[in-house]
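Everything below concerns the one structure shown next.
Derivation of every value follows stated rules applied to the coordinates shown; laboratory data play no part. Keep in mind it's a predicted model, so treat the numbers as computed, not measured. A quick note on method: Cβ atoms are made from the backbone with ideal geometry, for glycine too, and the neighbour counts reach across all protein chains shown.
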Amino acid sequence: MRTIVSFRHIEASDPLKLYAEEKLSRIKKYIEEPIEAHVVLKVEKFRHIAEVTIDAPGLRLNGAEETDNMYSSIDLLADSLEAQVKRGKGKVQRRRTGTAAGAVTGETAAAGDDKEPRIIRAEQVHAKPMDLDEAVMQLNLTTGEFMVFTNRNTNRVNVLYRRKDGNLGLIETVG
């Protein structure tokens, strides 16, 4: 990780520079190399501000924290960047596993538990308004296993489906 530390309106000090580099090195475990970090430490009146821009392959992170102490500003900045990276990694993992947002926890995705059912294909269906008899007739005309429709009598979405025993089942929404 290459870190460039700049000082504005503050005397350049090696302990501050080393502290910032040490705190920002925590995010190396989440991001692939090469990583370049530009840190700006500045003082405006009584405000101590730590800003950073991190460039990595396919990722750019920005952060800024302000307190009355430069060391605490750096601590808060490192914490917020770490949280930002974790959120980003979680989103990428959910996209790669092909699950809906929030359907698999980060622990399950990280464990590689492939026994969980996954959403393979998603489809949008237009729920046409029709009577139940008309929906039965439409389902019998097709080879599909189910039919989604809006019941004209109740104005609610219903699902008509073929059962394994050859009969038909009806799911009515409530509420």
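Projecting each Cα onto the charge dipole of the chain (Lys/Arg +1, Asp/Glu -1 at the beta carbon, about the Cα centre), which of V85, Q138, V5 comes out farthest on the positive side?
Positive-end residue among those listed: Q138.
Of the chain, which part is the longest with no trypsin sites (Lys or Arg not before Pro) in a loop (DSSP not H, G, I, E, B) and with at most 10 other C-beta atoms within 10 angstrom? Please list the in-between numbers first.
On the way: sites that count: K45, K115, R121, R163, K164.
Within the chain, the longest run free of exposed trypsin sites (Lys or Arg not before Pro) spans 46-114.
Answer rounded, prolate or oblate for the chain, using the Cα gyration tensor with square roots of eigenvalues a ≥ b ≥ c: rounded when a/c is under 1.5, else prolate when a/b is larger than b/c, else oblate. Can you show the working numbers first?
Numbers: a/c = 4.90, a/b = 3.16, b/c = 1.55.
Cα axes put the chain in the prolate bin.
Along the Cα→Cβ direction, 7 angstrom out, place labels at N167 and R8. What is the inter-label distance in nm?
The modelled label-to-label distance comes out at 7.4 nm.
With axes computed from alpha carbons, what is the tilt in degrees of helix 132-141 against the longest principal axis of the chain, rounded to the nearest 10 within 0 to 90?
Result, in degrees: 90.
Tell me what the chain gives for mean residue ellipticity at 222 nm when only DSSP H runs of n ≥ 4 count, each as -39,500 (n - 2.57), the sum divided by the residue total, rounded to 500 deg cm²/dmol.
Helix-only estimate at 222 nm: -10000 deg cm²/dmol.
Could you work out the relative contact order of the chain? I mean the mean sequence separation of Cα pairs under 8 Å and 6+ apart, divided by the number of residues, in percent.
Here the relative contact order equals 12 percent.
Label region 128-172 by shape, choosing from rounded, prolate and oblate, from the square roots a ≥ b ≥ c of the eigenvalues of the Cα gyration tensor; if a/c is under 1.5 it is rounded, and otherwise prolate applies when a/b is larger than b/c, oblate when it is not.
Prolate.
Ranked highest first by the average count of other Cβ atoms within 10 Å around their residues, in what order do 137-146, 31-40, 70-79 fall? Don't jump to the answer; show the numbers that get you there.
Details: 137-146: 11.2, 31-40: 15.9, 70-79: 18.9.
Packing order, densest peptide first, comes out as 70-79, 31-40, 137-146.
Take the Cβ-Cβ distance between D55 and E123 as r, set R0 to 30 Å, and report the resulting FRET efficiency rounded to the nearest 0.05.
In this case the efficiency is close to 0.15.
Residues with beta-carbon under 13 Å from that of P15, excluding P15: net charge, scoring Lys, Arg +1 and Asp, Glu -1?
Counting the neighbours of P15, the net charge comes to -2.
Take the alpha carbon atoms of region 1-44, find their center, do the same for region 138-172, and report the distance between the two centers in whole angstrom.
62
Placing +1 at every Lys and Arg Cβ and -1 at every Asp and Glu Cβ, with all other atoms neutral, what dipole size does the chain have around its Cα centre, in debye to the nearest 20?
So the magnitude is around 420 debye.
In whole Å, what are the extents of region 40-84 along the principal axes defined by its C-alpha atoms, from largest to smallest?
36, 16, 10
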